[in-house]
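Chemist: Sharing a structure below in structure tokens format, with a few things to ask.
Taken together, the values in this text are just the output of simple stated rules run on the coordinates, not laboratory data. Since this is a predicted model, take the numbers as computed values, not measurements. Note that each Cβ is placed from the backbone with ideal geometry, even for glycine, and that neighbours are counted across all protein chains shown.
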Amino acid sequence: MNAVVANNANLVGITGIARRLVLDGALDEAAARTAMADASGAKMPLAQWITEKRLVSPGSLAAANAIEFGIPLLDVGAFDPAHNAMKLVSEELLQKHQVLPLFKRGSRLFVGITDPTQTRALDDIKFHTNLVVEPILVAEDQLKRAL
């Protein structure tokens, strides 16, 4: 218990996804603090900064986001996206938002995303498809290969 309290005391000021990555052992405390400051200075979302600087693997970032945001995580490599789901969203929207329609069930379209904060993408897809859009996290490298 004391180790947990001491560990959390060292994390004062480290929040959100950076904190989750440190707790998961994917990123050290100093790198997390530096990334938070640099991303803020660049006026860039922290997850995007972490991805562009390759501070953690895409899989580690996706797993941390899944825990932090309570969104399911899918290994696209073990899944064959339904081609009919891909046809529901224009190529323009797919490229603009970097999302992967996975499958349609009833009036719901399940969409692979890498950033759980990209609500604009989900709203655009909902508007263009007239379907309820459900996000599922996928690792960025897997999404790019699938697109």
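Chemist: Please specify each residue of the range 90-125 satisfying the condition of being in a loop (DSSP other than H, G, I, E, B) and either in contact with a Ser or Thr (Cβ under 7 Å, 6 or more places away or on another chain) or under 26 Å from LEU46 (Cα atoms) (or both).
Modeler: Selection gives GLN98, VAL99, THR114, ASP115, PRO116, THR117, GLN118.
Chemist: Could you list all residues from the range 105-120 that are closer than 27 Å to ARG54 by Cα and either surrounded by fewer than 21 Cβ atoms within 10 Å (Cβ to Cβ) or touching a Pro at 6+ places or on another chain (Cβ under 6 Å) (or both)?
Modeler: Matches in the range 105-120: VAL111, ILE113, PRO116, THR117, GLN118, THR119, ARG120.
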